[in-house]
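Scroll down for the structure; my scribbles are underneath it.
The values are calculated or read from the model by the stated rules, or taken from the named source; none is laboratory data. Keep in mind the model is a prediction, meaning the values are calculated, not measured. When we count neighbours, we look across all protein chains shown, and the Cβ atoms used for this are built from the backbone with ideal geometry, even at glycine.
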Amino acid sequence: MLALTLLAAPVAGQVASFTVTGDAIEAPLDGLQGDPVRGEAVVRNRETANCLICHAIPDTAERFMGEIGPPLAGVGSRLSPGQIRLRVVDPTLWNPQAIMPAYHRTEGLVRVDPRYRDHPVLSAQEVEDVVAYLSALEAPRR
Amino acid sequence: MTRGGWALLPLLALLLGAAEIRPTSEYLSPEIRAAQEDPSRHPGWLWVEEGEALWRRGEPSCATCHGNIAGMAGVAARYPMVAADGTLLDLEGRIERCRTQHQGEPAFGRESDALLALTAAVALQSRGMPVAVATDGPAASFLEEGRRFYETRQGQLNLSCGQCHDDNAGRRLRGDVISNGLGTGYPAYRLEWNTMGSLHRRLRACSLGVRAEQLPLGSREYLALELFLASRANGLPVEAPGLRR
């Protein structure tokens, strides 16, 4: 289905190179360690990642969460960290039809606002932080 | 086809995966929808009244050539359209032409209160009438351009218009319910803007939303896109002047 190994073009050192295995990127980007607390802040940030325009997270205090993507509660039980990493880096590597934006990609995009050109939405460190946060969102044990 | 056959058409469209296109008013909250119908609760009516006054002002005035503004019924439903000289004109563009060529006055300028006011007043005359833009003849190549723009994934967030306005219509994007993105309610008073605004201003907001280049008001790209949006709305009612959150 998908080529097993895809290397992201290293654009001015801003996009980490990675290896896709099945539907996952197993190795942390640039070997970085993620921090779940920072990751939650990234997910909630309305200026940058803006995940909540499309997703709901398990927190009743947050208003106006979107319903374009699946709710992220329990996602750490459904997907491995590597699978989450791939979906945040570039979901089209797994499903070309994916609606979700690629957060760590700069190539092959059309008509990008000059202010954002050649920059991924999230840095390698931010991706790792998000992966750490989401991996810890486990389904409640019954 | 029999009556029963026609009744099955929507079901058939669903089975074929064709996106169903619904009038924008059906996506509005009940409060906004009610206020859109009620001049006493629709701040856009200030622009309508100003537009009706402008219609009668000047030498010659719009009314000198066109008579009562009620005679404009059905006009907005046919825009954008290709003018005799091959230019694709939206309603604003047409009004600016009358202003410069027939009234000998400087153009109002896109997004000026005067142009929004006249456009709203003219569009109101078509309220409830079915959109009926021409898509053949000289319009065909513009339509194709607009379709390509609509279907192209774009911006840093790599989304096409249709991924939101077809695939996710009816769902919530943060606080908004996504409509089919028809443009039938423009110019519209948007509470977030605190003023009346054009369709192209709204398109710039969607471009910004996906972090794509924002094109100029009245640009060829947005005009062609507007024609494609209107072609999707053919047969559905004009709702201008709209009210939006």
Count - residues of the range B:143-174 that are closer than 21 Å to B:ILE21 by Cα and touching a residue at least 12 places away in the same chain (Cβ under 8 Å): 15
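Name the residue that is farthest from the other protein chains (Cβ to nearest Cβ), counting only residues in the range A:29-85 that are polar (S, T, N, Q) and out of contact with any strand residue (DSSP E or B) (no Cβ under 9 Å at 6 or more places or on another chain). Walk me through it before giving the result.
So in the range A:29-85, the residues polar (S, T, N, Q) come out as A:33, A:45, A:48, A:50, A:60, A:77, A:80, A:83.
From what is left, the residues that are out of contact with any strand residue (DSSP E or B) (no Cβ under 9 Å at 6 or more places or on another chain) are A:33, A:45, A:48, A:50, A:60, A:77.
On the way: A:GLN33: 26, A:ASN45: 13, A:THR48: 11, A:ASN50: 8, A:THR60: 16, A:SER77: 24 Å.
So, considering only residues that are polar (S, T, N, Q) and out of contact with any strand residue (DSSP E or B) (no Cβ under 9 Å at 6 or more places or on another chain), the one farthest from the other protein chains (Cβ to nearest Cβ) is A:GLN33.
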Of the criteria (1) touching a residue at least 60 places away in the same chain (Cβ under 8 Å); (2) surrounded by fewer than 22 Cβ atoms within 10 Å (Cβ to Cβ); (3) hydrophobic (A, V, I, L, M, F, W, C); (4) more than 14 Å from chain A (Cβ to nearest Cβ), which one B:ILE178 fails: (4)
Subset of the range A:130-142 [closer than 17 Å to A:TYR103 by Cα and either at pLDDT below 95 or buried (at least 24 other Cβ atoms within 10 Å of the Cβ) (or both)]: A:VAL130, A:VAL131, A:TYR133, A:LEU134
Entirely in the range B:147-245, the strands (runs of 3 or more DSSP E) that have 3 or more residues that are over 15 Å from B:TYR27 (Cβ atoms): B:195-197
Pick from the range B:135-159, criterion within 14 Å of another protein chain (Cβ to nearest Cβ) and in contact with a Phe, Trp or Tyr (Cβ under 7 Å, 6 or more places away or on another chain), ranking: farthest from A:VAL88 (Cα to Cα): B:TYR150
Cβ-Cβ under 9 Å pairs, at least 6 apart or on other chains, the range B:53-73 side in contact (Cβ under 8 Å) with a residue 24 or more places away in the chain, far side polar (S, T, N, Q) and surrounded by fewer than 15 Cβ atoms within 10 Å (Cβ to Cβ): B:LEU54/B:SER61; B:TRP55/B:SER61; B:TRP55/B:ASN68; B:GLY58/B:THR64
Scope the range A:86-104; condition more than 10 Å from every other protein chain (Cβ to nearest Cβ), part of a loop (DSSP other than H, G, I, E, B) and either buried (at least 16 other Cβ atoms within 10 Å of the Cβ) or among the β-branched types (Val, Ile, Thr) (or both); matching residues: A:TRP94, A:HIS104
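So, in the range B:195-245, exactly how many residues are acidic (Asp, Glu) and over 13 Å from the mean Cα position of the chain (by Cα)?
Of the range B:195-245, the ones acidic (Asp, Glu) are B:213, B:221, B:226, B:239.
From the residues that got through so far, the ones that are over 13 Å from the mean Cα position of the chain (by Cα) too are B:213, B:221.
Counting residues in the range B:195-245 that are acidic (Asp, Glu) and over 13 Å from the mean Cα position of the chain (by Cα) gives 2.
Considering the range B:160-172 alone, what residues qualify as being at negative phi and surrounded by fewer than 17 Cβ atoms within 10 Å (Cβ to Cβ)? Break it down into steps so the answer makes sense when it comes.
Going through the range B:160-172, the residues at negative phi turn out to be B:160-169, B:171-172.
B:ASP167, B:ARG171 - these are the residues of the range B:160-172 that are at negative phi and surrounded by fewer than 17 Cβ atoms within 10 Å (Cβ to Cβ).
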Selection status of A:GLU107, within 22 Å of A:ASP118 (Cα to Cα), free of Cβ contacts under 8 Å to residues at least 12 places away in the same chain and either part of a loop (DSSP other than H, G, I, E, B) or in contact with an Asp or Glu (Cβ under 9 Å, 6 or more places away or on another chain) (or both): no
Those residues of the range B:138-159 which are of a type outside the set (A, V, I, L, M), in contact with a Ser or Thr (Cβ under 6 Å, 6 or more places away or on another chain) and buried (at least 17 other Cβ atoms within 10 Å of the Cβ), in sequence order: B:ARG153
Boolean, B:GLU213 is of a type in the set (Asp, Glu), facing another protein chain (nearest Cβ under 9 Å) and surrounded by fewer than 22 Cβ atoms within 10 Å (Cβ to Cβ): yes
Scope the range B:192-217; condition within 25 Å of A:MET100 (Cα to Cα) and of a type outside the set (D, E, K, R); matching residues: B:LEU203, B:ALA205, B:CYS206, B:SER207, B:LEU208, B:GLY209, B:VAL210, B:ALA212, B:GLN214, B:LEU215
Per-region count, the range A:36-67, residues more than 14 Å from the chain's Cα centre (by Cα) and in a loop (DSSP other than H, G, I, E, B): 14
